[in-house]
Amino acid sequence: MKAAKNISNLTELNEAIHELKLQKQELEFTIANQWNDLQDNYPVLLKNALFQKFPLLKKGNILITLLGIPAIQQNAQKIVNKLAEKAENALDNWIDRLLTKKEKDTPQN
């Protein structure tokens with residue numbers, strides 16, 4: 001984070017607000033891209049995590065066979081997407097509540 005700078009006039013305040021809005025947009029864009037990447041790669045990440053943790057799930061197991069069936073892959077993807085959507089909604093609600101609380105706590109001048 002940048003060090004806080006002293007604002008001495010309205011123009012500097014407007015410039016600082018504009019910079020903060022740009023930073024906010026950049027962060028939102030980055031988070032959205034990372035969220036999409038996570039949703040796209042979640043099945044692979046989950047599979048890799050399970051195989052590393054439980055070596056019995058490796059080649060020749062029924063789980064591998066089941067995960068290879070396209071209909072099961074589609075259903076698993078639907079479930080993962082629903083879970084991701086619910087997690088996203090929960091995160092949005094939490095952020096909204098946090099911002100609402102912060103606005104209420106901020107004194108009005």
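The table for this structure:
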read-out: Any pair with Cβ under 7 angstrom, 6 or more apart, that starts in the range 5-19 at a residue that is surrounded by 11 or more Cβ atoms within 10 Å (Cβ to Cβ) and ends at one that is in a loop (DSSP other than H, G, I, E, B) and modelled with pLDDT under 90; value: Leu13/Ile7; Ala16/Ile7
read-out: Residue that is surrounded by the most Cβ atoms within 10 Å (Cβ to Cβ) [pool: residues in the range 69-95 that are at pLDDT below 85 and within 28 Å of the chain's Cα centre (by Cα)]; value: Ala76
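The values are calculated or read from the model by the stated rules, or taken from the named source; none is laboratory data. Remember, predicted model here, so these are calculated numbers, not experimental data. Cβ coordinates were reconstructed from backbone atoms using ideal geometry, including for glycine residues, and neighbour counts include every protein chain displayed.
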